[in-house]
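Since the structure comes first, as structure tokens, the remarks are kept for the end.
Just so it is clear, none of the values below were taken in a lab; they were calculated from the coordinates. Just so it is clear, the model here is predicted, and its values are computed rather than measured. Glycine also receives a Cβ, built like all others from the backbone with ideal geometry; neighbour counts cover every protein chain displayed.
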Amino acid sequence: MSAAAALGWGDWAQLILHFMLLSLLSIGGAITTAPEMHRFMVREHGWISGADFSQSIALAQSAPGPNVLFVAVLGWQLGGVMGAIATMAGILLPSSALTLALAHWSRRRRDSRGVRAFTGGLAPLTVALLLSTGWLLAEPAHAHLGALALFAGSALVSWRWRLSPLWLIAAGAVAGALGLV
Amino acid sequence: MSGERPAHRPRSAWALALAFNQLALQGFGGVLPVAQHELVERRGWLTKAEFLELLALGQVLPGPNIVNMALMFGHRHFGLRGAVAALLGLTAVPTLIVLALVALYGRFNELAPVAGALRGMAAVAAGLVLAMGLKLLPSLRKSPLGWLAALGVVALSLVLILVLHWPLPAVLGSVGVGSVLWAWWRLGAEVKPE
């Protein structure tokens, strides 16, 4: 991964504000906002290449811990440790504050029509966001037959069988190291 | 909360942080299954029903599900201090590990096998996320929207995001709001006496 474009203070403020907004929209997990991060960072501003974006997520998934750590890796790419802290704070603080504030309230109203309409109504969107994320992350692989086969194969295996993702990630690493991808 | 009470409870905020750190370090490609095993089966800090309830809440609220669960669980036992302890336990050490990996990768990415391995892992990671979406599709059968309408919302959202490249707030503001209102209306029609 190469050093990304140097960001000015205005860029950082814009980035953190955008991540704070995404934090409040990240229903179904931070990964569901990946397409929007991709649009903002890769397409609109060109701060990071599409390949580096996908590799950031791959690196985060190859390490132990919650998937949200991919946000720390994206921040690191843009500005080292401070970048990682900035993006993590941006993506976690608003949703965490909201969670603590609403936990008590929603515990009593879990079966109410409002809460059920909210969850039920947003469920299909969550699924669509996961599918889009998978598709966008595979973009660098589209040009290469081996990578495309790996993408489709791992999706199929993980979809149809209960295999630990760790094995598939390891298989991908081996296939790549052997020059098949 | 109804039914059984959990067998044990965390002794201190420090114990809480350690427990969440431990389960995070076991979670490759997803921490939730490990959390269920550690908190329910091994430590007995939550009953199965309580775990499900926390997960449901964690999913409704924005933010990573496991982070939301950790915050609520920590808050329940030790207030704000517990929430912070659980959050830091879950994220601090894994963040250091992943950044160390990135730094190492930066040094060795000139080597063809290393770059190749990363490309392979990226392709698999993309496949795993796609599979997660595919696995969740059948659960939309129980959607208050109805199965076909829910699939329609999925398809429409896919077009807006992948083909038209709409920003997420625009998608949520249009399809999301419409879908929630439709669910609200259907749930109201459901309870009316026949």
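Computed quantities for the displayed model
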{"read-out": "Choice from A:Leu92, A:Leu168, A:Leu102 with maximal GNM fluctuation in chain A (Cα, 10 Å cutoff)", "value": "A:Leu102"}
{"read-out": "Inter-label distance, nm, simple model (7 Å from Cα along the C-beta direction), A:Leu163/B:Gln26", "value": "2.3"}
{"read-out": "Least to most buried among B:Glu110, B:Glu38 (fewest other Cβ within 10 Å first)", "value": "B:Glu110, B:Glu38"}
{"read-out": "Using a Förster distance of 41 Å, the FRET efficiency for A:Ile85-A:Arg113 (Cβ separation, nearest 0.05)", "value": "0.50"}
{"read-out": "DSSP H segments from chain B that extend 30 Å or more along their own axis, Cα-based, with Kyte-Doolittle mean of -0.5 or above", "value": "B:65-108, B:112-136"}
{"read-out": "Cα convex hull volume per residue for the protein assembly as shown (Å³)", "value": "136"}
{"read-out": "Most fluctuating residue given options A:Ser49, A:Ser96, A:Ser158, as computed from a GNM of chain A linking Cα atoms under 10 Å", "value": "A:Ser158"}
{"read-out": "Neighbouring partner chain Cβ atoms per residue of A:112-119, average, 10 Å criterion", "value": "6"}
{"read-out": "Over chain A, volume per residue of the alpha carbon convex hull, in Å³", "value": "141"}
{"read-out": "Under-5 Å amide H pairs with A:Ile27, H placed in peptide plane, nonlocal only", "value": "B:Gly63"}
{"read-out": "Separation in nanometres of the label points that stand 7 Å from Cα toward Cβ, at B:Leu162 and B:Leu181", "value": "2.8"}
{"read-out": "Percentage, to the nearest whole number, of Cα pairs in segment A:128-177 over 13 Å apart", "value": "60"}
{"read-out": "Distance histogram in 5 Å bins (all Cα pairs of segment A:97-160, percent per bin)", "value": "3, 14, 14, 16, 12, 9, 10, 11, 7, 4, 0"}
{"read-out": "Estimated dipole of chain A in Debye, rounded to 20 [Cβ of Lys and Arg +1, of Asp and Glu -1, Cα centre]", "value": "900"}
{"read-out": "C-alpha center-to-center spacing [segment A:85-153, segment A:22-64] in angstrom", "value": "12"}
{"read-out": "Per-residue average of Cβ from other chains inside 10 Å of B:16-26", "value": "1"}
{"read-out": "Length-normalised contact order for chain A - Cα pairs under 8 Å, 6+ apart - percent", "value": "23"}
{"read-out": "Global geometry of chain B, whether rounded, prolate or oblate, following the gyration tensor of its Cα atoms and the 1.5 cut on a/c", "value": "oblate"}
{"read-out": "For chain B, built as a Gaussian network whose Cα springs stay under 10 Å, the top-fluctuating residue of B:Leu130, B:Leu140, B:Leu164", "value": "B:Leu164"}
{"read-out": "Prolate/oblate/rounded call for segment B:143-194, Cα gyration tensor, a/c under 1.5 rounded", "value": "oblate"}
{"read-out": "B:Ala155 versus B:Phe108: modelled label distance in nm, points set 7 Å from Cα along the beta carbon direction", "value": "4.7"}
{"read-out": "Kyte-Doolittle at least -1.0, axis length at least 30 Å by Cα - qualifying DSSP helices, chain A", "value": "A:69-108, A:113-137"}
{"read-out": "Pairwise FRET efficiency - B:Ala189 versus B:Ala100, Cβ, R0 = 51 Å, nearest 0.05", "value": "0.40"}
{"read-out": "Protection-proxy order for peptides A:125-135, A:36-46, each taking the mean of Cβ atoms within 10 Å per residue, highest first", "value": "A:125-135, A:36-46"}
{"read-out": "Leading residue at positive end of dipole, chain A (Cβ point charges), from A:Ser132, A:Ile91, A:Ala117", "value": "A:Ala117"}
